[in-house]
């Protein structure tokens, strides 16, 4: 029996070597298959802005579509589409990485009230790389898809006006929309002025105004930071800060 068992050893060793070789080939093929799968995998599809969980629609009409946006510290939004030109108003300071599809990331350090314009037709993710929430109000300009010959032709696309207890600065004009930032100290006054067209007011700070519209009794307007108010045109008025602290807001005149 001992001699018979000894003669079988070479055959057993050969079978074991064949099995080990087959196992080695199979294991080597796994990373190659995974690499091929990764190469064939498609990047995630961009969702509509209305489907992105950090964007909350708060106002819409024929002229604008307004979203309240908030991304927690060290979070990232879904890849989402911006089909329209838009203006965004930053609420509080934030440090973000703007990662447009097909382009290198751009780091932005934003301050409270920073207001910027972005042309549409792109997809991106926003990565909050800071320790504070990234909050903003995003205003899509719907009219930029169809040129409007009746849109106002603003003469001042950059200016700074010193007021009684405050300032009004025209930041830019884009798509026929003039965007201004107003700061009023306590009891500061935005003197009597006329609005031929509609406008959107975005509260950067909490606001409490007395609004004196020509031909109407005075009324108070109260807004929380991040709130927006759509006002029709064809009115002349004076605005006074009757709140307990400095007021800051952005006006989009259409």
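The numbers here are math on the coordinates, done by the rules we state, and not lab data. On a predicted model such as this, the values are computed, not experimentally measured, just so you know. Note that each Cβ is placed from the backbone with ideal geometry, even for glycine, and that neighbours are counted across all protein chains shown.
General remarks:
- Pair-distance profile P(r), taking every C-alpha pair of segment 68-116, with 10 angstrom steps and integer %: 20, 58, 22
- Judged by the mean number of other Cβ atoms found within 10 Å, the most tightly packed of the peptides 242-248, 156-162 leads the ranking 242-248, 156-162.
- Kirkwood hydrodynamic radius over Cα pairs of segment 72-203, then Stokes diffusion coefficient at 37 °C and 0.692 mPa s, in µm²/s: 196
- Cα→Cβ-extended label distance, 7 Å offset, between residue 131 and residue 193, nm: 3.9
- R0 of 25 Å, Cβ-Cβ distance residue 169-residue 232: FRET efficiency to nearest 0.05: 0.55
- Cα centroid separation - segment 200-254 against segment 98-142, whole Å: 26
- With 5 Å bins from 0: P(r) over segment 49-145, alpha-carbon pairs, percent: 3, 14, 24, 30, 20, 8, 2, 0
- Segment 159-253: radius of gyration and largest Cα-Cα distance (Dmax), Å: 12.4, 36
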